[in-house]
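The structure appears right after this line, and notes come after that.
Nothing in this text is a laboratory measurement; each read-out follows from the coordinates by a stated rule. Please read these numbers as outputs of a predicted model, since none were measured by experiment. Using ideal geometry, Cβ is built from the backbone for each residue, glycine included, and neighbour counts are taken over all protein chains shown.
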Amino acid sequence: ADRLHNMRTLEFVSPHKQRRIATETLEIYAPFANRFGLAKVKWELEDLAFKYLNKEAYNEISKKLKETRKEREEYIRIVTEPIIKRLDEHELVYHIGGRPKHFYSIYKKMIKQNKPLEDIYDLSAMRIILENNDPNECYYVLGIINQLFKPIPDRFKDFISIPKRNNYQSIHNTV
């Protein structure tokens, strides 16, 4: 919490200190937050550190995403509607939400894939949380999603059958 507060007020320290603290945050505190299951804290720490470590890239991504925010929100709404309808038809108990991807994760994807922002196609994410401990229900929902939307090859991760080290369990699928 103290580091998050420090990062939120980093503009008031010298540029040299900003870089040192931002680097330490990205290398130590954000991974700790992730390890403890504090995803929202991790994302904010990463984005704030990114802002001070690569201001040009941060500003470019920020500007372009602000320009398309309404379209991305509308896209999430349009995509969510048929999913909700199908999940309700199958009487599943769930929570669904959409979110834009965070700046630093988009930037890492651009670097890893060596592509400009315009060529990164998954700038938004949907999350379906099932109120059930039966892992088979996750695969059932995956089947529903893949019937509604065409899956993209090689964009699937199964953390149900092989959980992450911090016991995180989910299915990641790109459609």
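The aspartates and glutamates within cross-link reach of Lys51, meaning a Cα-to-Cα straight distance under 16 Å and a gap of 8 or more places when in the same chain, are Glu11, Glu24, Glu27, Glu60. Using the Cα atoms of the stretch 66-175 to build a convex hull, what is its mean projected area in square nanometres? Projected over every direction and averaged, the Cα hull of the stretch 66-175 covers 7.8 nm². Between the Cα long axis of helix 55-67 and the first principal axis of the chain there is an angle of about 40°, rounded to the nearest 10. For helix 39-53, what angle does its Cα long axis make with the longest principal axis of the chain, in degrees from 0 to 90 and rounded to 10? That helix lies at roughly 40 degrees to the long axis. For the cross-link pairs Lys85/Lys109; Lys63/Lys109; Lys70/Lys108; Lys85/Lys150, the ones whose C-alpha atoms lie over 20 Å apart are Lys85/Lys109; Lys70/Lys108.
What value, in deg cm²/dmol to 500, does the helix sum -39500 (n - 2.57) over DSSP H runs of n ≥ 4 give at 222 nm once divided by the residues of the chain? Mind dumping the intermediate values first?
Values: 8 runs with 97 residues, N = 175.
It comes out at -17500 deg cm²/dmol, rounded to the nearest 500.
Local charge sum around Ile96 (other residues, Cβ-Cβ under 12 Å, Lys/Arg +1, Asp/Glu -1)? After counting each charged neighbour, the total is +2.
At a Förster radius of 35 Å, what calculated FRET efficiency corresponds to the Cβ-Cβ distance of Arg155 and Lys63, to the nearest 0.05?
On the way: r = 27 Å, r/R0 = 0.77.
Step by step, r from the Cβ atoms, then E = 0.85.
In the stretch 21-129, the C-alpha radius of gyration followed by the widest Cα-Cα span (Dmax) gives 16.2, 50 angstrom. What relative contact order, as a whole-number percentage, does the stretch 58-175 give when Cα pairs under 8 Å and 6 or more residues apart are counted? The normalised contact order for the stretch 58-175 reaches 23 percent. Principal-axis analysis of the Cα atoms of the chain puts helix 69-89 at an angle of about 30° to the longest axis.
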